[in-house]
Amino acid sequence: MRTLHIDLETFSDVDIKKAGLYRYAQSPSFEILLFAYAYDWEPVRVVDLAAGEQIPGEVLADLCSPKVEKVAHNAAFEINCINRFYTTDISQWHCTMTHSYYCGFPGQLGQAGKAMGISEDRQKMAVGRQLIRYFCIPCIPCRTNYGRTRNYWYHDKQKWQLFKEYCARDVESEREIHRILQKHPMPEQERQLWVLDQQINQRGAAIDLELVQGALNISSQTKEELSGKARELTGLENPNSVAQLKQWVELHAGQELESLDKQTVSSLLADKEGDQLVKEVLKLRKELGKTSVKKYQAMAACVCPDGRIRGLLQFYGANRTGRWAGRLVQIQNLPRNYIATLDLARQLVKEGRGDILQTIYGSIPDILSQLIRTAFVPAPGHKFLVADFSAIEARVLSWLAGEQWRMEVFRTHGKIYEASASTMFGVPVEKIRKGNPEYSLRAKGKIAELALGYQGGKGSLVSMGALNMGLSEEELPDIVKRWRGSNRRIVDFWYQAERHALETVRYGVQSSLPCGVSFERDEDYLMIRLLSGRRLYYYKPEIRQNELGREAIHFQGVDQKTRKWASLSTYGGKLVENIVQATSRDLLANALANLQFGGYATSFHIHDEVVLEAPEGSGQSLEEAIRLMCRLPCWAEGLPLEADGFEAYYYKKD
């Protein structure tokens, strides 16, 4: 099979970072400026469409030929741009950005090339950003550019020639990355899953634009009112300025503050002897700081002409584990909703009745935040079927570690928080229920389950909010000790994973855990082979001391905090976390494939939850969807997987 490498340069009046690819490519002003391509290792050719050149007929034919593999970095961009004017089939493409993620590299072309050690003459040209700013987006009319709103190729032919060279270089860089990655090809099942992901992203989800616009209008009014009140209380010209407000708070609170972050504000509000005026102002700040408006603004910016948002999900957005990441509206971190009267609140927002909203619910920013989920709606004549796996990570961890008492809990009543507390404190699980004094133990069981499964300790409990749940710092070590004592197989699982990984890196041996997960390495990687057959990659592994002075595996990867390429270290609990989360992700992927095969259309999915758009009267049911979700792949035999869900005419947290 021949390989056709492609890179495009395009123009649109829509900001792709804010509005996303689909809105960008659907703009009436959208056009393809340059079409660079190369077959296999032949010279790169650049078709100057902006200057009137035409793509050769052979290339157009090959765009939809199953005998030619099309390759691009972030192929979703090329596919959707090409399909505006020509024809190509998603299933015939290979995305080197996704492949880079799969092998543990950065996604951006330039960063991936540097991380892989590609020679400079084949790396992405640094001048590209300036050229894109000049040719690919509208310009501000001024005297020096004679009032034009766009720069065409003939406005600066020297820059244009450099732009063509830049486009050609991207093909060379992508082609070299493709060559390097072929040493560790993506499994075919992953490529098929990427195709399914593209189909889900292209389908997208409908948005209730009336609700979005109503929320934006009410928020604007509320923000002005709250800002006015803050100005009145503080005397500040701009109370929304962090610097001005911090100085004011320090003056009135009589103490110096490092910042005005959430933790500092919460601490000042909780101080019983604190200045009441400061507290009132900080409460206003918390109200103004609600992020609901940003979500609504993002929805308004990226909704397509047909009222749907597309491109909400990034395939393989989490390095190694392969979990999806959110894009645009960031659906992976939507605020929860708690009020029972969502229908009423939505209607009041649509009508712009901020006064009644405030009378009924109190905080307008809070209620707008709770309504964000409900802006996602099914198409007319459809309904949402929403289903999610129950405690999937806890189930997978118990199954892989062979913690039998936990497996029995999941096969029966499923109340893992109560069961964990029962095992930790030697109290019959029947007594841990509302109304009994033993029910207070449930909170300890819950926080232990959330914080300790991946070798976490006292610090993990604090990070998970143990102190905010009423637990004292003195009792946290005891909770850690009790949880580990009642989950000995899980504890063993951490140390087994670390021992196998260290031996594999040190001696190059291949070995397997009792559950069947195996470790192997080559000259470049430590690899963990999951039960699904997928591998987790750790680039350039080595053993050296960590911050605690212990021998640990270090490898090259993307730092999740800085987003930069760096040396990272890992340990048993972290390896187990990667294995469990990756396995849970593979179960979600299996569910998405089952649902598609069963004729169900996925609008989007969040963590372990799927949102399906089902035609009314079609016979599609929540019960069947859950059955399809829980149909296990052959490699997961014996895993007690369960899901639950609901039907709705807007998305919400049930």
Quick one: which helices (runs of 4 or more DSSP H) lie wholly within region 182-277 and hold at least 1 residues that are closer than 30 Å to residue 308 by Cβ, at pLDDT 85 or above and not small (Gly, Ala, Ser)?
188-203, 209-234
If you take the residues of region 611-654 that are open to solvent by 50 Å² or more (accessible area, probe 1.4 Å) and among the small types (Gly, Ala, Ser), which of them is farthest from residue 583 (Cα to Cα)?
617
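Go through region 401-413 and give me each residue that's part of a helix (DSSP H, G or I) and touching a helix residue (DSSP H, G or I) at 6+ places or on another chain (Cβ under 7 Å).
Residues of region 401-413 part of a helix (DSSP H, G or I): 401, 404-411.
Across region 401-413, the qualifying residues are 401, 405, 406, 407, 409, 410.
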I'd like the full set of residues that are over 17 Å from residue 27 (Cβ atoms) and loosely packed, with under 13 Cβ neighbours inside 10 Å, limited to region 129-160.
129, 133, 140, 141, 142, 143, 144, 146, 147, 154, 157, 158
Kindly indicate whether residue 105 is in a loop (DSSP other than H, G, I, E, B) and buried (at least 17 other Cβ atoms within 10 Å of the Cβ).
yes
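Considering only residues that are assigned to a helix (DSSP H, G or I) and polar (S, T, N, Q), which ones fall in region 129-155? Steps first, answer last, please.
Going through region 129-155, the residues assigned to a helix (DSSP H, G or I) turn out to be 129-135, 153-155.
Answer for region 129-155, where residues must be assigned to a helix (DSSP H, G or I) and polar (S, T, N, Q): just 130.
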For the list (1) over 19 Å from residue 604 (Cβ atoms); (2) at pLDDT 95 or above; (3) surrounded by fewer than 22 Cβ atoms within 10 Å (Cβ to Cβ), I need the number of the one condition that residue 406 fails.
(3)
Take residue 476 and tell me if it is crowded, with 17+ Cβ neighbours inside 10 Å and either under 29 Å from the mean Cα position of the chain (by Cα) or assigned to a loop (DSSP other than H, G, I, E, B) (or both).
no
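Restricting region 414-428 to residues that are in a loop (DSSP other than H, G, I, E, B) and of a type in the set (Gly, Ala, Ser), which is nearest to residue 446 (Cα to Cα)?
First, the residues of region 414-428 that are in a loop (DSSP other than H, G, I, E, B): 414-415, 426-428.
Keeping just the survivors that are of a type in the set (Gly, Ala, Ser) gives 414, 426.
Values: 414: 13, 426: 16 Å.
If we take residues in region 414-428 being in a loop (DSSP other than H, G, I, E, B) and of a type in the set (Gly, Ala, Ser), then 414 is nearest to residue 446 (Cα to Cα).
For region 536-576, which positions are aliphatic (A, V, I, L, M) and either within 23 Å of residue 456 (Cβ to Cβ) or open to solvent by 80 Å² or more (accessible area, probe 1.4 Å) (or both)? Outline the logic, then answer.
Pass one, region 536-576, residues aliphatic (A, V, I, L, M): 536, 543, 548, 552-553, 558, 566, 568, 575-576.
The answer is 536, 548, 552, 553, 558, 566, 568, 575, 576.
Would you point out which residue out of 552, 566 is in contact with a strand residue (DSSP E or B) (Cβ under 9 Å, 6 or more places away or on another chain), assigned to a strand (DSSP E or B) and under 21 Å from residue 503 (Cβ atoms)?
552
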Tally, over region 318-336, of residues that are surrounded by fewer than 17 Cβ atoms within 10 Å (Cβ to Cβ) and of a type in the set (Val, Ile, Thr)
0
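The values are calculated or read from the model by the stated rules, or taken from the named source; none is laboratory data. Being a predicted model, the structure only gives us computed values, none of them experimental. Note that we place each Cβ from the backbone using ideal geometry, even for glycine, and neighbour counts take in every protein chain shown. Note: areas computed on protein heavy atoms with side chains; ligands, DNA, RNA excluded. Shrake-Rupley method; radii C 1.70, N 1.55, O 1.52, S 1.80 Å.
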